[in-house]
Each structure stands twice: as structure tokens, then as C-alpha cells.
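Input: a single structure, listed below in C-alpha cells.
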Amino acid sequence: MFSRLSLYFFFIGLTAYCQSMPVDSLCTPETRNLYTHLQQLVQKGILFGHQDDLAYGVGWRGVAGRSDVQSVTGQYPAVMGWDLGHIETGKTENLDSVPFQKIREYIRFAYKKGCINTVSWHLNNPYNGKSSWDETPTIKYILPGGESHATFKSWLVIVADFLKSLKTENGTPIPVIFRPYHEHTGSWFWWGKKESTPEEYITLWRFTERFLQEQGVHNVLYAYSSAEFSSKEDFLERYPGDTYIDIIGFDTYHRDAPKENANFVANTRRMLTDLTEIGKIHNKVCALTETGLESLTEKNWWTAIVYPMVKDYPLSYVLVWRNANTKHHYAPYPGHANATDFQTFSKMPKVLFEKKVAQEQVYKSGTGAKRK
Ligand code: BMA
């Protein structure tokens, strides 16, 4: 007969077995722990994320420790997004004027708080030097054998060096979720749907990942993040494969409120249903990698629209875009008509901001982390 204890250990073992490991088999322990926690945290709720949270907000820039989210709710977001666009040009500031040296510090600040960092990359076009938003079909020129391959590789070296430079004072590499070549089901970036074939896009991803690993980058979880998609097939058309991807997600924005409120919710839920099914089959963490309602013109957007829309899905995180100015922001700032609703949202049991994620000690192994 099995004792209760042996059954207990059997189930613990089974749970550990069902956890998937990051695709980089050489990843650092902290990266592996983060991935395990992301898989488990889905049971507790959804992490809230904000792009460029510490870098600037509405009416301020570069004030140490300041954050619009923290000013309104008393807590930093659980997830913070950063962008490496323009690092490839050798500039010291990214495409939204945030110095890379500062991004390094913000990532370390978030890590020390127990929060999670995600990094996107609006890279210029390596073939013609134009911006990410250039629609010239380009991938063929930057893959091995292409005339801009050497340029592209030199850009990847710069990104690898940046990712490797993310460390604590003690030299521990800080894990980040890396989310390059995003919104590829749309056709506004040079790596988009009309600008490349599925084979080119997949080859680009695989090349990038192998190259970064060869450069010694082992502090990264890889996120495949589309724009809106029409079906599971559409979402998976350019999927690099289970051995290349840790996290799957998509970006979708709420536009034309209030006219489009119901459509936004229905369309997002349709995609979340597909994403969840894909996540289960492929054993991947799911996230709403970018969303938002520009300027938050709906007073109860968080509690009446976002929360009901996402609460039934096993989503890891929902990240809203940046707070650039009074016309272009996605989180409220003090005095904003939407601030009270955001405070209510931040206290909801299934929503996780800084304090709840910190309790989880996501960079420690399961046994070391405090459980509720
Ligand atoms: C877009 C806008 C732009 C910005 C870009 C990259 O959605 O916010 O102003 O430059 O993202 O962050």
C-alpha cells in the first residue's frame, strides 16, 4: 500500500515533471526558476505590466524611483517592459529617448524588487537603415548568404552584449523575457506578414536564438508575440517551434472607445481562447504581451473591461504600453479620471502587482520561495 506521504511525493514529482524547462538548456538557475514560477503563478492570477514604467511618465522623465503606476497605486507593476530599438545603431538612447545605461539600471531595480523584466526590440532595417516601420521585404537579405547578413550579425552581437551586461552587483545575470520581431501577423514592420514568408521569419528566429546562445546569452526566456490573428493556424503559421519558444502571446489595442468596446472584448477573448488552447498543447506560458486604451478615455476601463475580459484565462501577464504624454499614455497618472478605477483593479485578488510578485521570490527555486 502507498502511504499518504509517498502519494504526496508522487504528486510533487508529477507536478515538477509537467513543468516545462526553458528552451535554452544552458540558461542560468534564476532564469529557470523564473520560468517555473511563471508557470505556477498562473494559478494565483495575472501579473500587471507597464512599458518604460521607471523611465518616464506623464510630465516627468528620469526621476529615480518614480513611476506613474506606483504614484497611483502605491505599487510598481509586477512586469516592466523595455525596448532596445536603436541600440543596433550605436546610439546611447533608445527610440523613445531612454538611455541604455538607464535601462540597465531600471532592469536591476525591478529585479531587486522581485519584479519581472521584458525586452522588445524595434530594430531598424539592417538592409537599408530605415526604421522598424519600413515595409521593404528584408529578411532574405539578412539571413546567411544575404548581402546584409554581416550587418545584422553585428547588431545581434550588440544585443547579446547588452543582455549579458544585465547583472546584479554580485555579478548574477538578471533574467529577462526577450520579445523580438513582434506583431509579425501584421504588416507594418519589415519582418511582417506581407514583408516575409513564414520560412524566412522562422529562419530569422532560429538564427537569432542560436546566435545569441553562441554569444553566451543564457539569461533569456523567449517570447513569440504576434499582432491580432484570425485563427490558431494564423497564429502558428510563423511559430519557430517548441524548442525555440518559452512564452506565447499577442498584442492588441482597444481603439475607438466606447463604440468598439464590445468588439474589443469579443475579439480579444476569441484570441485568448485560441492562445490558451495552443498554450496547453505546446506547454507554453501565455501572455497578453501588449494592450491598452490610449489616454484611458473609459473611466472604468480596468474593472469593467480589462478584468472581466482576462480573468477566466490562465494568463501570465498583461502589459500596457508607455506613458509618453497626456495624449499618448496607457496607465493613469495622479489626478487622472481613471486613477480610482486603476487603484481598485490593483487590489483585486487575481491581479498581481509588485507586492504579490515579490512574495513569490520568482528567481529562487520553488523550495526557497515563500508559499501562501
Ligand atoms: C509605439 C508608440 C511610439 C513608440 C513605439 C516604440 O506604440 O508608443 O511612440 O516609439 O511604440 O516604443
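The values are calculated or read from the model by the stated rules, or taken from the named source; none is laboratory data. Computed from a prediction, not measured in an experiment: that's the story for all the values here. Cβ: placed from backbone, ideal geometry, glycine included. Neighbour counts: every protein chain shown. What goes into the accessible areas is simple: the full protein's heavy atoms, side chains included, and nothing from ligands, DNA or RNA. Shrake-Rupley method; radii C 1.70, N 1.55, O 1.52, S 1.80 Å.
Please give me the summed charge of the neighbours of GLN39: other residues whose Cβ is under 14 Å from its Cβ, Lys and Arg +1, Asp and Glu -1.
+2
What percent antiparallel are the DSSP beta bridges of the chain, to the nearest 5?
Of the beta bridges lying entirely in the chain, close to 10 percent run antiparallel.
Regarding segment 53-191, what is the average projected area of its C-alpha convex hull, in nm²?
Directional mean of the projected Cα hull area for segment 53-191 stands at 9.4 nm².
Any chance you could list the semi-axes, whole Å, largest first, of the equivalent ellipsoid that the Cα gyration tensor gives for the chain, using √(5λ)? Display every interim value, and only then the final one.
Values: eigenvalues 165, 141, 97 Å².
Semi-axes from the Cα gyration tensor: 29, 27, 22 Å.
For labels at THR136 and THR297 in the simple 7 Å Cα→Cβ model, what's the distance in nm?
3.6 nm
When the accessible area of the chain is split by element with a 1.4 Å probe, what percent falls to carbon and sulfur? Numbers along the way, then the final one.
Working: 8540 of 15540 Å².
Of all accessible area on the chain, carbon and sulfur atoms account for 55 percent.
Note the full-extension length gain between ARG269 and MET348 as 0.36 nm times their separation in residues minus their Cα-Cα distance, in nm to one decimal.
26.4 nm
Which whole-number percent of Cα pairs in segment 75-118 have a distance greater than 12 Å? All intermediate terms of the calculation are to be shown ahead of the outcome.
Working: 545 of 946 pairs.
Summing the P(r) of segment 75-118 above 12 Å gives 58 percent of all pairs.
How far is the Cα center of segment 302-337 from the Cα center of segment 132-171, in Å?
If we compute the Cα centre of each part, the gap is 31 Å.
What spacing in nm lies between the two simple spin-label points modelled at SER365 and MET21, each 7 Å away from Cα in the Cβ direction?
Each label point lies 7 Å from its Cα, and together they span 1.4 nm.
Roughly how large, in nm² to one decimal, is the mean projection of the convex hull of the alpha-carbon atoms in segment 156-211? Provide the component values of the computation, followed by the final result.
Details: hull surface 18.0 nm².
For segment 156-211, averaging the hull's shadow over all directions gives 4.5 nm².
Contact order normalised by length for segment 233-370, with contacts defined as Cα pairs under 8 Å and 6 or more residues apart; what percent is it?
Averaging sequence separation for qualifying contacts and normalising by length gives 21 percent for segment 233-370.
When Lys and Arg each count +1 and Asp and Glu each count -1, what net charge do the other residues less than 12 Å away from VAL119, Cβ to Cβ, add up to?
Computed value for this residue: 0.
If I model a spin label at ARG108 and ILE281 as a point 7 Å from the Cα along the Cα→Cβ vector, what separation in nanometres do I get?
4.4 nm
Could you go through segment 328-342 in sequence order and give the Karplus-derived ³J(HN,Hα) for each residue, using 6.51 cos²θ - 1.76 cosθ + 1.60 with θ = phi - 60°, rounded to whole Hz, and x for Gly and Pro?
For segment 328-342, the Karplus-derived couplings read 10, 8, 10, 10, x, 10, x, x, 5, 4, 8, 4, 5, 5, 5 Hz, x marking Gly and Pro.
State the three equivalent ellipsoid semi-axes of segment 171-243, derived from the C-alpha gyration tensor as the square roots of 5 times its eigenvalues, in descending order and whole Å.
24, 13, 11
How large is the translational diffusion coefficient of segment 240-372 in µm² per second when you combine the Kirkwood radius over alpha carbon pairs with Stokes-Einstein at 4 °C and 1.567 mPa s?
On the way: Rh = 16.3 Å.
Reported coefficient: 79 µm²/s.
Counting each DSSP H run of 4 or more residues in the chain as -39500 (n - 2.57), what helix-only mean residue ellipticity at 222 nm follows after dividing by all residues, to the nearest 500 deg cm²/dmol?
Using -39500 (n - 2.57) per qualifying helix, the result is -10500 deg cm²/dmol.
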